[in-house]
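A quick write-up on the structure given underneath.
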Amino acid sequence: MKREHVIALIPALDCASTIGDVVGPLREQGYRVLVVDDGSQDATAERARAAGAELLRHAQRRGKGAALVSGFRWALSQGAHGVLTLDADLQHDPASADAFVDAARHAELVIGARTLDEEHMPRGRLFGNRFSTFFIGLFLGEEMHDTQCGYRLYSRTLLESLPLSPGGFETETELLMRAHRVGLRVGWVPIETIYPEDIGSRFDNWRDTLRVIRVVLSSPWYPHS
């Protein structure tokens, strides 16, 4: 897979203060960038476009999963060989993008494996990430490094072989489970995650961890005995 065949997809909600600093470096590296504005009430769309991104807009907030699915469908229609996803709030370093493209030579789904910094990572989020990763790995019967990281590269093969149904943060969990159950390769890229002090996460630690568990137990991709 080559950089010019990859579209970087950034779901965004009220990220006007940071979106340009995510889009700009990706454009400088030569990536085509799509921002899906999920009903922002600020200048996210305008600043994304000014930084060089293409834009899809939801008239109202529909959730991260819906933003991802809208972006996946658009990228496939544009002939992308792969879709790189990262957050709009500077938690994912755009400089790591090429590492995902390189890893995609050997995997249909590449996921960032974060160094879970106990000192700087919010405690509730640290617990949620570790528990979800352990829980999903246990039921898939394979070691998982970081199942909740949104910095990923999805191959066209993966996206075309699986039904795309919008949800919330658990959409990424379901895509991982589906890929694993149909035998597609999953790869990992070590990354550093930044937690800006003035940027709040939209991941609700307890609610979204419980939703991840529900997805695992109710999914047809869960290996029931």
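The values are calculated or read from the model by the stated rules, or taken from the named source; none is laboratory data. Here the structure is a predicted model, which is why all the values come from computation and not from measurement. Ideal geometry is used to build each Cβ from the backbone, glycine not excepted, and the neighbour counts take in all protein chains shown.
Below are the figures for this structure:
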item: Within the stretch 156-222, helices (runs of 4 or more DSSP H) holding 2 or more residues that are modelled with pLDDT under 70 and among the hydrophobic types (A, V, I, L, M, F, W, C); result: 205-218
item: Those residues of the stretch 34-49 which are in contact with a helix residue (DSSP H, G or I) (Cβ under 7 Å, 6 or more places away or on another chain) and free of Cβ contacts under 8 Å to residues at least 40 places away in the same chain, in sequence order; result: 36, 37, 38, 47, 48
item: Total residues in the stretch 1-20, condition assigned to a helix (DSSP H, G or I) and surrounded by fewer than 24 Cβ atoms within 10 Å (Cβ to Cβ); result: 4
item: The stretch 27-54, subset of a type in the set (D, E, K, R) and part of a helix (DSSP H, G or I), residue surrounded by the most Cβ atoms within 10 Å (Cβ to Cβ); result: 47
item: Residue selected from the stretch 55-94 under the condition over 14 Å from the mean Cα position of the chain (by Cα) and of a type in the set (A, V, I, L, M, F, W, C), by the criterion nearest to residue 34 (Cα to Cα); result: 55
item: Test: residue 80 is part of a loop (DSSP other than H, G, I, E, B) and either among the hydroxyl-bearing types (Ser, Thr, Tyr) or surrounded by 21 or more Cβ atoms within 10 Å (Cβ to Cβ) (or both); result: yes
item: Test: residue in the stretch 36-46 that is over 13 Å from the mean Cα position of the chain (by Cα) and closer than 25 Å to residue 189 by Cβ; result: no
item: Pairs where the first residue, in the stretch 88-100, is assigned to a helix (DSSP H, G or I) and the second is of a type in the set (Val, Ile, Thr), C-beta under 6 Å, 6+ apart; result: 94/22; 96/191; 99/189; 100/110; 100/189
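One line per residue, one yes/no per condition, for (1) free of Cβ contacts under 8 Å to residues at least 40 places away in the same chain; (2) part of a loop (DSSP other than H, G, I, E, B); (3) surrounded by 24 or more Cβ atoms within 10 Å (Cβ to Cβ):
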position: 22; (1), (2), (3): no, no, yes
position: 25; (1), (2), (3): no, no, no
position: 56; (1), (2), (3): yes, no, no
position: 67; (1), (2), (3): no, no, yes
position: 76; (1), (2), (3): no, no, no
